[in-house]
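Enquirer: Below is a structure I'd like to ask you about.
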Amino acid sequence: MTTSMPLGGVRVDKWLWAARIFKTRSLAAKACDAGHVKVAGENVKPSKVVRSGETLEIVTPGGLRILEVKGLSEVRGGAPVARALYDDHSPPPPPREYAAPFARRERGAGRPTKRDRRDMGKLRGG
């Protein structure tokens, strides 16, 4: 039987799953095998034991995440419990760039004409 607060350490794939970084433990293990998880700057296998105070660098579909382990758990809990397992030191995401401003029509101006539709298409890049 597993405990919710192990003393020594936890496998990194179990910790990533319990901290809700990955949806399943097998996805966490695949990320480790692919070299997307680093502990102290080194690629790790899924069986690597992670301890409190270590820093993990994880490449996720959402971008790079840098996490400092604060707590250990082998069981997956709710989001507030999972959030308490780490400090997030990830860089902020880059600002989103928007396309050219889109054409706005006056309310009540009626249905756009063919010329209006062409002009709106040019502004949208179409």
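A short reminder: the numbers here are calculations on the coordinates, not readings from a lab. Predicted, not measured: the structure shown is a model, and the values here were computed from it. With ideal geometry, Cβ positions are generated from the backbone for all residues, glycine too; neighbour counts draw on all protein chains shown.
Enquirer: Looking at the chain, how many pairs of lysines come closer than 28 Å at the Cα, when each pair is eight or more places apart or spans two chains?
Expert: For the chain, the number of qualifying lysine pairs is 19.
Enquirer: Which value, in debye to the nearest 20, gives the size of the charge dipole of the chain about its Cα centre, when Lys and Arg are +1 and Asp and Glu are -1 at the Cβ?
Expert: Here the size comes out at about 1080 debye.
Enquirer: Spelling out what I want: for every residue of region 31-39, take phi, set θ = phi - 60°, compute 6.51 cos²θ - 1.76 cosθ + 1.60 (Karplus), and round to whole Hz; glycine and proline get x.
Expert: Values, residue by residue: 5, 5, 5, 7, x, 8, 10, 10, 10 Hz.
Enquirer: Just order 58-71, 81-94, 17-30, 111-124 by mean Cβ neighbour count inside 10 Å, highest at the front, would you?
Expert: 17-30, 58-71, 81-94, 111-124
Enquirer: Moving on to the next point. Could you pull out every residue, at least 5 positions away or on a different chain, whose amide H is within less than 5 Å of the one on residue 60? Hs are placed 1.01 Å off N in the peptide plane, and Pro or chain starts have none.
Expert: Result for residue 60 returns 65.
Enquirer: What does the convex hull of the alpha-carbon atoms of region 10-88 project to on average, in nm²?
Expert: Projected over every direction and averaged, the Cα hull of region 10-88 covers 4.3 nm².
Enquirer: Scan around residue 44 for amide H atoms under 5 Å from its own, H built in the peptide plane at 1.01 Å from N, and keep only partners 5 or more places away or cross-chain.
Expert: HN-HN under 5 Å from residue 44: 37, 39.
Enquirer: So what are the ³J(HN,Hα) numbers for region 81-97, from phi and the Karplus equation (6.51, -1.76, 1.60; θ = phi - 60°), rounded to whole Hz, Gly and Pro as x?
Expert: 5, 5, 5, 6, 7, 8, 9, 8, 10, 5, x, x, x, x, x, 6, 9
Enquirer: Would you pull out the residues with amide H under 5 Å of residue 50's amide H, same chain only if 5 or more places away, H placed 1.01 Å from N?
Expert: Amide H neighbours of residue 50, under 5 Å, 5+ apart: 10, 11, 12.
Enquirer: Under the rule of -39500 (n - 2.57) per DSSP H run of 4 or more residues, summed and divided by the residues of the chain, what mean residue ellipticity at 222 nm is obtained, to the nearest 500 deg cm²/dmol?
Expert: Calculated mean residue ellipticity at 222 nm is -7000 deg cm²/dmol.
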